[in-house]
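Step one of this worksheet: look at the structure below.
The values are calculated or read from the model by the stated rules, or taken from the named source; none is laboratory data. Since the model is a prediction, treat every value here as computed from it, not as a measurement. Neighbour counts run over all protein chains shown; Cβ positions are idealised from the backbone, glycine included.
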2 protein chains.
Amino acid sequence: MSEHGESLDPALSREDFEDYERAELEELIGQHRPGDLALLLNRVDDEAAAALFAVMSHEVRAEVLPDLDERRRDSLIAEMPASEIGEIAGEMDSDDAADLVQDLREIDEARAEDVLSGLDEEQRSDVESLLLHEEDTAGGVMARELAWGALDESVEDVIGRIRELSRDREVDDLYVVYVVDKGHRLVGWISLQGLLLAPRGQRMEQLQNPDVVSVPVTLDKEDLAAVAMKHDLPSVPVVDAEGVLLGRVTMDDVYDIVEEEAAEDIGRISGTDEDVLEHSSLAVIRQRLPWLLVGLGGGLCAAIVMSAFEATISRSLQAAYFVPIVMGMGGSAGIQSSTIVVRGLATGELQVEDLWLRLWRELKVSLAVGLVCSLVLGAIVLAWFGEARDALTVSLSLLCVILQATVLGAATPLLLKRTGVDPAIATGPFITTGNDILGVGLYLGLVHLFL
Amino acid sequence: MSEHGESLDPALSREDFEDYERAELEELIGQHRPGDLALLLNRVDDEAAAALFAVMSHEVRAEVLPDLDERRRDSLIAEMPASEIGEIAGEMDSDDAADLVQDLREIDEARAEDVLSGLDEEQRSDVESLLLHEEDTAGGVMARELAWGALDESVEDVIGRIRELSRDREVDDLYVVYVVDKGHRLVGWISLQGLLLAPRGQRMEQLQNPDVVSVPVTLDKEDLAAVAMKHDLPSVPVVDAEGVLLGRVTMDDVYDIVEEEAAEDIGRISGTDEDVLEHSSLAVIRQRLPWLLVGLGGGLCAAIVMSAFEATISRSLQAAYFVPIVMGMGGSAGIQSSTIVVRGLATGELQVEDLWLRLWRELKVSLAVGLVCSLVLGAIVLAWFGEARDALTVSLSLLCVILQATVLGAATPLLLKRTGVDPAIATGPFITTGNDILGVGLYLGLVHLFL
């Protein structure tokens, strides 16, 4: 079963499952890897998902569950006895087990406690300590299982510890050994490659690389992913305020965080949710409606502004024809600059101190694009109505609206960031709506002045 | 120098560099890791970047260059002699060296050839073979350096090969050994962790895991990243049509691809570029202007539609007040469904065969949100103008426009995908513009009918 970019056998369409016998389902599961099975479970309906999940081994379930949409995971564990969930959790690394217990707590607190108390001593203490951290922090995504060595330990000693981890806890994704001092404070690292090539008797203090990147346990997980990406780390060690090594976050979690963050950013621009194919219509409605209602409110304000200029519009009906253009262009220009600034702040390429420089650049760019757009529009209006004054008014308004929207779009996220608010909300409907209202007012005000 | 989410020392603001002496610059560079230096070089102006780069060692330069924006990289290598670029390339893995030569080819073909011929035999042949692949494919991002073992080789043999790779080629990011048959075809894998724990005399055929995920050399790099993420791979082996192992793509490249892809998707929605903080204003203008001009064209069409309904508008001026709302809401609803569908298609969670099911879901959702929005708007219009007929007209139009925009937004990317066109263009300005024109026509048509 080699992988060729095709995510799933095309034969696996939703409808097929009803005709499958248990043996056929088992064969199908045996032919696919956990990653593919997770995608499949997300796509099919509750009944088919339950049927497929029922014939999977605990080992496969433990790998599939963390990759599922939250809604699918909840549907599968909602009715499952604590003992069965406990057996699946027993096959998981501590981070995934903690997530599972956390999910279950939201469904059934008592059953979650049963699962916890059913785990073996060591895993229970790991999971319990992980559950104390906020979900969106380094502590909330880290796993407790990791390879470590004390400064005075030899390569042989550390290999012995890795052997134990592999055998007793079934950890199979170790890439780096973290070196700690007597107080279990992180002081260095050595790659598994380095360990493999080192003489068995050598001590960690001679071998270790003291330039170790770590993140505090309270760090936001998006910032953690940025650290992993900036330094190309296969796993990121997590430490407490004293520098004591608490856990590590591996690249598969970084992949998930980056993907989630991208979906979130896109969602903020378009008013959609990160869980792009959420199955429940009600959830989709609940999530899209507020965004549309903000837009509706903005549009109403624009309508009120227009009605305030009733006299102007009734004298020159043509003025109304260009309201949509002026609004639309202002909205687009504003979203362009705010998106750039929000992304730049998120990736760290833009700093709050760059405010004035950024505004100056945006102003230059928008002056240029604004001039082109207004000249084009002016020429068309002139050709259409043959009135130089109309053309000039529409054209000048468009330029002003584009300039104003750009500056507002670039400045808002920077100012939000400075005051400690998440700048990403600036790419939401608020900036578009604000620009709509300002734009219509600016445009009709100018029309009123000139006519 | 531990890492705490803070991407850069705040003291490192752009203006400071002019006052720095060479020794101070060297100290500053010594205190920061390559990932931080790359971010810094991207932020400062050409002159400061050149000054900083000048005092870096070839080793640091080799790590910094691949992480730079293309424009910054070009500004640094534009005037650099071939011998110097060659020395930097000599410190790089083959994939980064190939990218550097490729960039240089676009600036100065002859110098690129000089750099190539200055590389040692083995690296030159690796880089030359990589340059044959398309930039956006697995072949274009893979590196040739990897750990492999033949089926009949022992653990000892493979460790010897890893030792050579570490020493001669300075490869330090090996996570997996790929196992090949006599024809160098990929047949299995074993993690470095597994190798570390295995008896030194054991052969690969006993140790290897035959369930190996690989991607074809021609696969699009975004699909490659999806494979890495789905199966949580720290590196992805790349094979030719016969299954022969050609190279591997490591998780740092996957991070870059995912980040780039997200920026691209966001750019398509808002009309901004993936290179979010591109320094040249001209480039920014060239990239934003077409998007705004499409919007301008759409707005003009809407104006023409409005002028066609001149009689209707002059009889009821209020009708014009609600044009912006109807247009804006249609645009928002359309972008919401198209974004969902495009993201779903990109992540593989949505398949083209789901067209009807998806349309049905979107229709249900939009009927619900449309009903809420139109009732709210209808009530407000009734309160405002006291005319039931006006309220009904505006309200009904809004519902129709939201339904139409949703269906168009969901269907367009699915139909594009089916015909082999990149569905992501549907989140661009075209769908908004299309919805604007249809929305105004639909609305004014209804107003005309009712009044």
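Below are the figures for this structure:
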| quantity | calculated |
| --- | --- |
| Considering residues of segment B:124-167 that are basic (Lys, Arg) and touching a helix residue (DSSP H, G or I) at 6+ places or on another chain (Cβ under 7 Å) only, the residue nearest to B:GLN206 (Cα to Cα) | B:ARG163 |
| Subset of segment B:332-354 that is more than 7 Å from every other protein chain (Cβ to nearest Cβ) and at pLDDT 80 or above - its residue that is farthest from A:PRO324 (Cα to Cα) | B:VAL341 |
| Given (1) over 20 Å from A:LYS230 (Cα atoms); (2) modelled with pLDDT of 90 or more; (3) of a type in the set (Ser, Thr, Tyr), number of the condition B:THR250 does not satisfy | (1) |
| Which listed residue is surrounded by 18 or more Cβ atoms within 10 Å (Cβ to Cβ) and either in contact with a helix residue (DSSP H, G or I) (Cβ under 6 Å, 6 or more places away or on another chain) or more than 14 Å from chain B (Cβ to nearest Cβ) (or both), from A:ALA38, A:ALA78 | A:ALA38 |
| In segment B:167-195, the residues that are of a type in the set (Gly, Ala, Ser) and under 30 Å from A:ARG169 (Cα atoms) | B:GLY188, B:SER191, B:GLY194 |
| Residue list for segment A:235-256, restricted to those being part of a strand (DSSP E or B) and without any contact (Cβ under 8 Å) to a residue 60 or more places away in the chain | A:VAL239 |
| First in segment B:408-435 and at pLDDT 80 or above and buried (at least 21 other Cβ atoms within 10 Å of the Cβ), second anywhere and acidic (Asp, Glu) and in a helix (DSSP H, G or I), Cβ under 6 Å, 6 or more apart | B:ALA410/B:GLU362 |
| Matching residues, segment A:151-172, being among the small types (Gly, Ala, Ser) and touching a residue at least 12 places away in the same chain (Cβ under 8 Å) | A:SER154 |
| Residues located in segment B:276-330, provided they are within 7 Å of chain A (Cβ to nearest Cβ), surrounded by fewer than 23 Cβ atoms within 10 Å (Cβ to Cβ) and either charged (D, E, K, R) or at positive phi (or both) | B:GLU310 |
| Test: residue in segment B:11-24 that is at pLDDT below 85, hydroxyl-bearing (Ser, Thr, Tyr) and closer than 26 Å to A:PRO237 by Cβ | no |
| Exclusive hit being surrounded by fewer than 16 Cβ atoms within 10 Å (Cβ to Cβ) and farther than 20 Å from A:LEU444 by Cβ, set A:LEU357, A:LEU350 | A:LEU357 |
| When residues of segment B:186-210 are limited to those that are within 12 Å of chain A (Cβ to nearest Cβ) and free of Cβ contacts under 8 Å to residues at least 12 places away in the same chain, the one surrounded by the most Cβ atoms within 10 Å (Cβ to Cβ) | B:GLN193 |
| Failed item, numbered, when B:ALA225 is tested on (1) crowded, with 24+ Cβ neighbours inside 10 Å; (2) touching a residue at least 40 places away in the same chain (Cβ under 8 Å); (3) more than 8 Å from every other protein chain (Cβ to nearest Cβ) | (2) |
| Any hit, segment B:99-111, residues being loosely packed, with under 15 Cβ neighbours inside 10 Å and outside any helix (DSSP H, G or I) | no |
| Candidates A:GLU278, A:GLU274, A:GLU222, A:GLU260, filtered to the one that is modelled with pLDDT under 80 and under 16 Å from B:VAL258 (Cα atoms) | A:GLU274 |
| Some residue of segment B:150-159 being buried (at least 20 other Cβ atoms within 10 Å of the Cβ) and not assigned by TED's automatic domain parsing to the domain that holds B:LEU246 | no |
| B:ALA62 in the same structural domain as B:ASP108 (by TED's automatic domain parsing), touching a Leu at 6+ places or on another chain (Cβ under 7 Å) and not β-branched (Val, Ile, Thr) | no |
| Qualifying position, being surrounded by fewer than 19 Cβ atoms within 10 Å (Cβ to Cβ), at the interface with another protein chain (Cβ under 8 Å from one of its Cβ atoms) and of a type outside the set (Lys, Arg), among A:ASP181, A:ASP220, A:ASP265, A:ASP232 | A:ASP220 |
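To keep it simple, each residue is scored yes or no on (1) touching a residue at least 40 places away in the same chain (Cβ under 8 Å); (2) hydroxyl-bearing (Ser, Thr, Tyr); (3) in a helix (DSSP H, G or I).
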{"position": "B:PRO324", "(1), (2), (3)": "no, no, yes"}
{"position": "B:GLY331", "(1), (2), (3)": "yes, no, yes"}
{"position": "B:SER338", "(1), (2), (3)": "yes, yes, yes"}
{"position": "B:ALA346", "(1), (2), (3)": "yes, no, yes"}
{"position": "B:LEU359", "(1), (2), (3)": "yes, no, yes"}
{"position": "B:GLU362", "(1), (2), (3)": "yes, no, yes"}
{"position": "B:CYS373", "(1), (2), (3)": "yes, no, yes"}
